[in-house]
Amino acid sequence: MSIKVKLIPDNVVVEIDADRIRGRDILSKLGLDPESAVVIADGKPIPEDGYVGSGSEVVVVRVLSGG
Amino acid sequence: MVARCAICGAPAVAYVRYQRRHLCSKHYVEHVENKVRRALKRYGMVGKGDTILVAVSGGKDSAAVLGALVRLSDEFGYGIVALHIDLGIGEYSRKSREAAINLSRQLGVPLVIVELREAIGATIPELARKSKRPVCSVCGMVKRYVTNAVAVEIKADALALGHNADDLAVYNLKSFMNQDLEAISKLGPKTEGIEGIAVGRIRPLYEVYEKEAFLYAFLRGLSFIHDECPYVDARSIERKLKESLNAIESEKPGVKMMMVRGLAKRIRDYPKPRGGMRRCRICGLLASGEVCSFCRLTSKALGEAKGPVLRKYVSRLVAELNITA
């Protein structure tokens with residue numbers, strides 16, 4: 001099963017092959033650091049050690065602004 | 001198995017690494033507000049009866065700073081007026097303006113909107129093109145000028161900016177890499193004003209991490225946009241420094257906090273820019289030479305120094321809106 005992750009503000013959708021995955025590992029697969037991005041599952045932020053299942057709507061927000 | 005809030009046991013929304021604890025939505029919001037409260041106190045940013053002008057861009061940092069300041073206003077006894085500058089950068093400016101309007105409405109704060117095209121007959125991109133200067137440099141200078149002009153007009157006691165700990169740590173590093181020590185002298189939590197010429201600036205998010213500012217605005221349901229200005233260079237050195245610093249922070253939690261606190265403590269040891277502070281011969285506001293950079297730039301780009309025009313526009317706007325904090 002796969003988990004669809006929408007990346008903001010880039011507005012791209014990435015598919016991750018997993019049934020269940022930790023927030024930190026989603027970020028790691030996207031090349032992001034937990035200090036620079038937030039995982040939001042079904043509208044609620046989750047801590048980096050929180051889990052996301054394949055039914056969830058996942059959004060990852062890159063919080064760093066340019067300059 | 002979901003992590004629980006260290007304070008109340010409710011489901012956690014975030015892990016605060018440098019405190020080694022999980023927090024739920026309610027206590028995370030309080031955590032950020034406590035940091036703003038401590039910064040207001042520790043750095044003497046506000047006083048009872050003060051009027052604070054808050055610059056609102058439409059982004060997450062200004063949503064966080066306005067949201068937190070409104071929450072703390074009764075406790076400290078200050079009043080708030082918000083300011084949004086419509087820079088005329090296409091769709092980005094349209095969305096930013098809408099977010100700023102929604103935010104002020106949510107929080108019940110009076111909002112002054114300065115539309116640059118209306119005020120001086122040119123947008124930021126046009127000004128940059130006509131003056132043959134880089135867009136970001138022109139934009140920064142114009143924003144500083146306009147925010148100051150409005151603050152002086154409403155006789156604000158302080159102008160609040162949304163710079164967060166990540167921003168300040170990185171500006172500090174970047175300036176240090178060039179040994180531009182005068183630039184570092186401007187990165188303190190609070191700067192002094194000069195009566196009638198410039199209003200002092202405060203940075204209430206001084207000790208709030210960028211991610212914390214985002215989460216605060218998000219958890220409180222505050223209106224803001226994610227979009228970045230189309231002129232932002234995604235490969236800029238500031239962005240690279242932020243990423244590197246966050247990689248270090250992940251391994252050594254608290255590094256950013258130490259950097260900003262240390263900077264605040266030693267800020268007076270940095271040399272101030274030469275040139276001193278004077279009154280612009282044309283518009284009467286802060287200048288480092290005879291004529292301020294805004295009057296100089298608009299003179300060159302538009303054939304007329306627009307300082308007085310801008311000040312008149314602001315004066316009319318403020319009178320029409322019947323602005324009181």
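Each residue in the range A:1-20 was checked for being at pLDDT 95 or above, more than 11 Å from chain B (Cβ to nearest Cβ) and crowded, with 16+ Cβ neighbours inside 10 Å, and 1 pass. Kindly establish whether B:Val54 is at pLDDT 95 or above, among the β-branched types (Val, Ile, Thr) and outside any helix (DSSP H, G or I). Here the answer is yes, as B:Val54 does meet what is asked.
Which of the residues spanning the range A:42-59 are buried (at least 21 other Cβ atoms within 10 Å of the Cβ) and either part of a strand (DSSP E or B) or more than 7 Å from chain B (Cβ to nearest Cβ) (or both)?
Listed by number, the residues that qualify are A:Pro45, A:Ile46, A:Val52, A:Val58.
All of B:Ala82, B:Ala100, B:Ala39, B:Ala68 fail the test of being of a type in the set (A, V, I, L, M, F, W, C), part of a helix (DSSP H, G or I) and closer than 30 Å to B:Ile120 by Cα, apart from B:Ala100.
Listed here are the residues, each with its yes/no results for (1) facing another protein chain (nearest Cβ under 10 Å); (2) assigned to a loop (DSSP other than H, G, I, E, B); (3) modelled with pLDDT of 95 or more.
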site	(1), (2), (3)
A:Asp25	no, no, yes
A:Val38	yes, no, yes
A:Val61	yes, no, yes
A:Gly67	yes, yes, no
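Pairs meeting the criteria (first residue in the range B:27-42 and closer than 19 Å to B:Pro189 by Cα, second residue of a type in the set (Lys, Arg), beta carbons under 7 Å, at least 6 apart or on different chains) are B:Glu33/B:Arg71.
Just name the residue that is nearest to the other protein chains (Cβ to nearest Cβ) out of those in the range B:223-250 that are β-branched (Val, Ile, Thr) and closer than 19 Å to B:Ser96 by Cβ. Per the stated criteria, the residue is B:Val232.
Could we say that B:Ala305 is open to solvent by less than 20 Å² (accessible area, probe 1.4 Å) and either part of a loop (DSSP other than H, G, I, E, B) or closer than 20 Å to B:Ala100 by Cβ (or both) here? Criteria met by B:Ala305.
The requirement of being out of contact with any Phe, Trp or Tyr (no Cβ under 8 Å at 6 or more places or on another chain), surrounded by fewer than 24 Cβ atoms within 10 Å (Cβ to Cβ), in contact (Cβ under 8 Å) with a residue 24 or more places away in the chain and within 14 Å of another protein chain (Cβ to nearest Cβ) is satisfied by B:Lys95. Checking B:Val32, B:Val81, B:Val54 one by one, the residue that is within 14 Å of chain A (Cβ to nearest Cβ), open to solvent by less than 10 Å² (accessible area, probe 1.4 Å) and under 27 Å from B:Arg144 (Cβ atoms) is B:Val32 and no other. Among the residues of the range B:57-78, the ones that are aliphatic (A, V, I, L, M) and surrounded by fewer than 24 Cβ atoms within 10 Å (Cβ to Cβ) come to 2 in all. Quick check: anything in the range B:257-268 crowded, with 16+ Cβ neighbours inside 10 Å, small (Gly, Ala, Ser) and without any contact (Cβ under 8 Å) to a residue 24 or more places away in the chain? There is no residue in the range B:257-268 that is crowded, with 16+ Cβ neighbours inside 10 Å, small (Gly, Ala, Ser) and without any contact (Cβ under 8 Å) to a residue 24 or more places away in the chain. Against the list (1) open to solvent by less than 40 Å² (accessible area, probe 1.4 Å); (2) over 16 Å from the mean Cα position of the chain (by Cα); (3) under 25 Å from B:Ile101 (Cα atoms), the condition B:Gly221 fails is (1). When residues in the range B:140-192 are screened for being polar (S, T, N, Q) and within 23 Å of B:Met257 (Cβ to Cβ), 5 of them pass.
Only helices (runs of 4 or more DSSP H) whose full extent lies in the range B:114-176 are considered here, and the ones with at least 2 residues that are touching a residue at least 24 places away in the same chain (Cβ under 8 Å) and more than 25 Å from B:Leu321 (Cβ to Cβ) are B:124-131, B:135-153.
The values are calculated or read from the model by the stated rules, or taken from the named source; none is laboratory data. It should be emphasised that the depicted structure is a prediction, and the values quoted were computed from it without experimental measurement. Cβ sites come from the backbone with ideal geometry, for glycine too, and all protein chains shown count toward neighbours. Side chains included, ligands, DNA and RNA excluded: accessible areas come from the protein's heavy atoms. Shrake-Rupley method; radii C 1.70, N 1.55, O 1.52, S 1.80 Å.
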